[in-house]
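Before we start, here is the structure in question, set down as structure tokens.
The values are calculated or read from the model by the stated rules, or taken from the named source; none is laboratory data. These figures come from a predicted structure and were not determined experimentally. With ideal geometry, Cβ positions are generated from the backbone for all residues, glycine too; neighbour counts draw on all protein chains shown.
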């Protein structure tokens, strides 16, 4: 998994490549005094041919983002293909004798600017690694030949990981005689969580796949991912696990998580920024003062209710809502006919307008438009102890609305079974995310709000 910082740098590099093509064309055109009525069309064709060449060799593929060597090699190959494609087009589209000199100039400028672009990319990556925490902290459980090879890969300077070491160098069974995870291993996993490690890798033989299942459950209790690096040549356990590739290693993990891919997180974040900005500018800009004034007139106190909630990776954040209750009432889940709720508060909660300030949370990056609803810290602590896989929902950013909510699981949760169903829907969303699913949830939410929900009070 790549960090968003490096992905942004790589994205900028691909955009600047197009800028290089256009700038090179303009420089060569002016230098040679080469003019024709088709110059604009030639520039458009040049852009298309560069993109065709780059895509053909996979220059902008996420597979090679981590490798500078591949970037330089594929840039050179793309340039050669582009050269052979663009030359005959110019020759056939224009008989101007100066076109040969123009092309030579054009290609030389491209080569120089491309090298400068790649150099700036290399410098940017090194600076980000030096001054910002853009690498992923990882650890390895156990020590065998595959684990040692994996550790060597993590320690290479050309990747985006910070290797924190081995949690245990014992390669014997991690289970006790009763089939439970050894207390020493449990303590090591808990210690890794407290030190900020989010991904643990373990290498197990095919005869020890049951250990992975139990270790994975133990890791998820602490909002951590456990990933298996097996010897797949003789493995029979890969059928129900997701396989991804990292360098020369095949990595197996328990869940399919589309939002582990940086491209998907980038798309979702762009959508959140645009959508939340539109809501703030076109709705909250005029609705906020009106609602705020009514809240103030009906009950003394602040307009916004601010509360710590559990977010992504179980990190707490301040969640905003329009205040719908009287102040100084303490925390207690709202119930039907709750006398703490003000008149305007009842309307706000019924129409879900009290959630609108959370678009500021979305814009800040604390939340997403769509995701599991954030719970107060005490609820997270309580339910994580009694509901299996409860902490898995915290692999995602919290949302203003979510898959569980549009399927009827909103409002009060006295019955733990209702919370189990919510968690089930939240995990399904995590494993099946797509932009179309997010759009579908938004439309279902709008319809649900318009119709009203008896579970909301």
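Being part of a helix (DSSP H, G or I), at negative phi and either assigned by TED's automatic domain parsing to the domain that holds residue 227 or under 29 Å from the mean Cα position of the chain (by Cα) (or both) narrows it down to one of 115, 120, so name that one.
Working: 115 fails: either assigned by TED's automatic domain parsing to the domain that holds residue 227 or under 29 Å from the mean Cα position of the chain (by Cα) (or both).
After ruling out the rest, the residue left standing is 120.
Here is a list: 420, 349, 410. Which entry is assigned to a helix (DSSP H, G or I) and surrounded by 19 or more Cβ atoms within 10 Å (Cβ to Cβ)? Full working, then the answer.
On the way: 420 fails: surrounded by 19 or more Cβ atoms within 10 Å (Cβ to Cβ); 410 fails: assigned to a helix (DSSP H, G or I).
It is 349.
On the given criteria, is residue 401 more than 17 Å from the chain's Cα centre (by Cα), surrounded by fewer than 17 Cβ atoms within 10 Å (Cβ to Cβ), closer than 30 Å to residue 217 by Cα and in contact (Cβ under 8 Å) with a residue 40 or more places away in the chain?
Values: more than 17 Å from the chain's Cα centre (by Cα): yes; surrounded by fewer than 17 Cβ atoms within 10 Å (Cβ to Cβ): no; closer than 30 Å to residue 217 by Cα: yes; in contact (Cβ under 8 Å) with a residue 40 or more places away in the chain: yes.
No: the conditions fail for residue 401.
Would you mind listing the strands (runs of 3 or more DSSP E) fully within the stretch 201-318 where at least 1 residues are free of Cβ contacts under 8 Å to residues at least 60 places away in the same chain and not assigned by TED's automatic domain parsing to the domain that holds residue 396? Quick ask: steps written out before the conclusion?
Working: elements: 225-228, 242-246, 249-253, 304-310.
Correct list: 225-228, 242-246, 249-253.
Right, next: Among the numbered criteria (1) at pLDDT 90 or above; (2) surrounded by 15 or more Cβ atoms within 10 Å (Cβ to Cβ), which single criterion is violated by residue 381?
The single condition residue 381 does not satisfy is (2).
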